[in-house]
Amino acid sequence: MLYPLMTETRSVLSLNGIWSFKMQADGEHHDPVAPLQTTDVMAVPASFNDQTANPELRQHSGYFWYERDFTVPAALTDQRLSLRFGSATHEAWVFVNGIAVGHHKGGFTPFELPINDAVQAGANRLTVKISNLLDHSTLPVGNYTETKDANGNTVSHVDENFDFFNYAGLHRNVNLLATPWNRVEDITVTPHIDLDTTSADIDIAVKTTAAATVKVTLLDEEGTIVATANGADNTLHLDNIHLWQPLNAYLYQARVEILDGDTVVDSYTEPFGLRTIEIKSGKFLINGEPFYFKGFGKHEDSYVNGRGMNEAVNVLDLNLLKKIGANSFRTSHYPYSEEMMRLCDREGIVVIDEVPAVGLMPDFNFDISSAFKNTENPFWSTVKTQAAHEQALKEMIGRDKNHASVVIWSIANEPATFLPGAHDYFEPLFKLARSLDTQNRPCTYINIMMSTPDRDNCSDLADLLTLNRYYGWYLQTGDLKAAAAAEEAELRTWQEKWPDKPIMFTEFGADTVAGVHSSYNEPFSEEYQVNYYDMNAKIFDKIDNFVGEQLWNFADFQTKFGINRVQGNKKGIFTRSREPKAAAIWLSHRWNSIPNFNYKK
């Protein structure tokens, strides 16, 4: 799906701002033919949860209504008009002037709805009904139950089967688009790069809504034309190419035009970078050189905005990431905003892109030791997420396929691959992901701690081993000597089992309350967090095929209520307000001394 751009043929009108808002109470209904009767308002884009002073609203599981008026300029009514939502979490029904114009399920990818039959020049009313309900058919997975209130109304309850707060709402930009009826609908860029000759053949596949004369023009960063071609499917050759490198980005532009004679009917420009990705002999190669991942699991999570898109926070986070010597992050546990992906392309940040397949396990809890004993749970025969999983992969890869920053597709976070039935569930999803990506990026799943080399059922499907491990925190708590021995033993077993697969940690961490100190290396202290990371680093440097460390987490983040969480997860090396803990200083020394390439040759 194309990002909404203003061009000579396209108009983008923002519908962000203050919307009317109403929670749908149990047993209550609203007919969108009539205006929403409410005095409450919410800002868009943002989660609604932390904009309210009402605890009942913040925690409500069920339905919510957003509404605003918007104006359609008469000059645009002869074009195709559509509404484009960057995301609506988790399910949305959209009405214009009381007329249903579309529906989308899945809270982290964009959707676009044509509205010409429902709008008029001048004033119009946009109404969106949103559900934040999750169950065993959705991604993320939620534990859904119902009770009855005193009036006999059904009350919905969602217990997150994952460790982050179920923020909901219109999280990303909402735009009114005006485009030509015969338009560029999609662009797929597939570079074929010869590193020895510094040249590239670049396949540009253009999808249009009707038969059309198509012209493709490639431009370099200075705006100089470097190649042109005619037709919807072309291969353009470039010599003396500039490579997109980690923390040293270079972006070309593919300008695609639909022509009627000499008249430009539609025009769109897609940025792209030239870089190669290869897995070879246990190494992860970018542009032919062994790359070492340094970075984080993150969340789209900030004060007041919740999970809502916040470009100022995005810029700050990447500046902090670069200052500390990191070069990468994972979009844990859902695709991030298009604005963040475009920023990573521009800044040279390497990204592992992940679908919202989190919670694919029996009930989430903090007792890891008990899960080691459970090997017969029928989870994979009862969960009903396959259709949602396929849709999520199609929408994520369709959206992000041209991003140079994206180097790996993550098919799931911490699924119960130690249980029988996992391989049958995941094999078709890996096949689907590979069929969707013309750039042939590596695919993986994020391996949960119970899926050890002797218990995991799916490691043959993954191109590399991406492990979440908490030795010294959830296991061997406070005993870093025992944790080091157990961690090293497991990593050596993985390397022996899969000698040609790179290994990296995509999560490891220890909850740390900023300002808590201990002379005795006690858990939750800043001293323990520093020593924990130091222990891990010593193990990482011993393992030949170990290619990266993405710790958990970049910053503290909000979770559901629970006695194991004090105002959220405290594993950040920055606080939620982005203030550094002591571990940030320690990591800065380590990561700034590790080169992006050839750390392990």
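Brief remarks on what is shown
- Selected residue [touching a strand residue (DSSP E or B) at 6+ places or on another chain (Cβ under 8 Å), of a type in the set (Gly, Ala, Ser), without any contact (Cβ under 8 Å) to a residue 24 or more places away in the chain and surrounded by fewer than 22 Cβ atoms within 10 Å (Cβ to Cβ)] from 122, 98, 102: 102
- Among residues of region 532-543, those that are crowded, with 17+ Cβ neighbours inside 10 Å and not hydrophobic (A, V, I, L, M, F, W, C), counted: 3
- Per the listing 75, 53, 34, 25, the residue uniquely of a type in the set (Gly, Ala, Ser), at pLDDT below 95 and over 28 Å from the mean Cα position of the chain (by Cα) is 25.
- Only one of the listed residues (7, 38) is part of a loop (DSSP other than H, G, I, E, B) and buried (at least 16 other Cβ atoms within 10 Å of the Cβ). That residue is 7.
- Checked against (1) touching a strand residue (DSSP E or B) at 6+ places or on another chain (Cβ under 9 Å); (2) farther than 29 Å from residue 15 by Cβ; (3) modelled with pLDDT of 95 or more, residue 196 meets all criteria but (1).
Here's the yes/no breakdown for (1) without any contact (Cβ under 8 Å) to a residue 12 or more places away in the chain; (2) within 17 Å of the chain's Cα centre (by Cα); (3) closer than 24 Å to residue 386 by Cα:
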| position | (1), (2), (3) |
| --- | --- |
| 86 | no, yes, yes |
| 111 | no, yes, yes |
| 129 | no, no, no |
| 134 | no, no, yes |
| 140 | no, yes, yes |
| 148 | yes, no, no |
| 160 | no, no, yes |
| 167 | no, yes, yes |
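- Residues in region 505-539 that are without any contact (Cβ under 8 Å) to a residue 40 or more places away in the chain and either farther than 21 Å from residue 567 by Cβ or outside the structural domain of residue 563 (by TED's automatic domain parsing) (or both): 519, 520.
- Selection of region 11-30 for residues being touching a residue at least 60 places away in the same chain (Cβ under 8 Å) and out of contact with any Phe, Trp or Tyr (no Cβ under 7 Å at 6 or more places or on another chain) yields 11, 12, 13, 14, 16, 26, 27.
- Hits in region 73-121 (condition: under 27 Å from residue 182 (Cβ atoms) and among the small types (Gly, Ala, Ser)): 74, 75, 82, 86, 100, 102, 118, 121
- The numbered conditions (1) in contact (Cβ under 8 Å) with a residue 12 or more places away in the chain; (2) out of contact with any helix residue (DSSP H, G or I) (no Cβ under 7 Å at 6 or more places or on another chain); (3) under 26 Å from residue 178 (Cα atoms); (4) not β-branched (Val, Ile, Thr) are all true for residue 6 except (1).
- Test: residue in region 253-276 that is in contact with a Lys or Arg (Cβ under 6 Å, 6 or more places away or on another chain) and within 30 Å of residue 555 (Cβ to Cβ): no
- Beta carbons closer than 8 Å, at least 6 apart along the sequence or on distinct chains, pair a first residue in region 415-438 that is at pLDDT 95 or above with a second that is part of a helix (DSSP H, G or I) and β-branched (Val, Ile, Thr) for 433/397; 436/397; 437/397.
- Test: residue 76 is out of contact with any helix residue (DSSP H, G or I) (no Cβ under 7 Å at 6 or more places or on another chain) and either without any contact (Cβ under 8 Å) to a residue 12 or more places away in the chain or more than 30 Å from residue 437 (Cα to Cα) (or both): yes
- Among the residues making up region 10-35, those that are out of contact with any helix residue (DSSP H, G or I) (no Cβ under 9 Å at 6 or more places or on another chain) and part of a strand (DSSP E or B) are 12, 14, 17, 18, 19, 20, 22, 24.
- Scanning region 322-346 for residues that are within 17 Å of the chain's Cα centre (by Cα) and either in the same structural domain as residue 244 (by TED's automatic domain parsing) or of a type in the set (A, V, I, L, M) (or both) turns up 340, 341, 343.
- Residues that are small (Gly, Ala, Ser) and in contact with a Ser or Thr (Cβ under 7 Å, 6 or more places away or on another chain), drawn from region 447-465: 451, 462
- In region 572-594, the count of residues that are part of a helix (DSSP H, G or I) and free of Cβ contacts under 8 Å to residues at least 12 places away in the same chain is one or more.
The values are calculated or read from the model by the stated rules, or taken from the named source; none is laboratory data. A quick note: this is a predicted structure, and the numbers were derived from the prediction, not measured. Methodologically, a virtual Cβ is constructed for each residue, glycine included, from the backbone with ideal geometry; neighbour enumeration extends over all protein chains shown.
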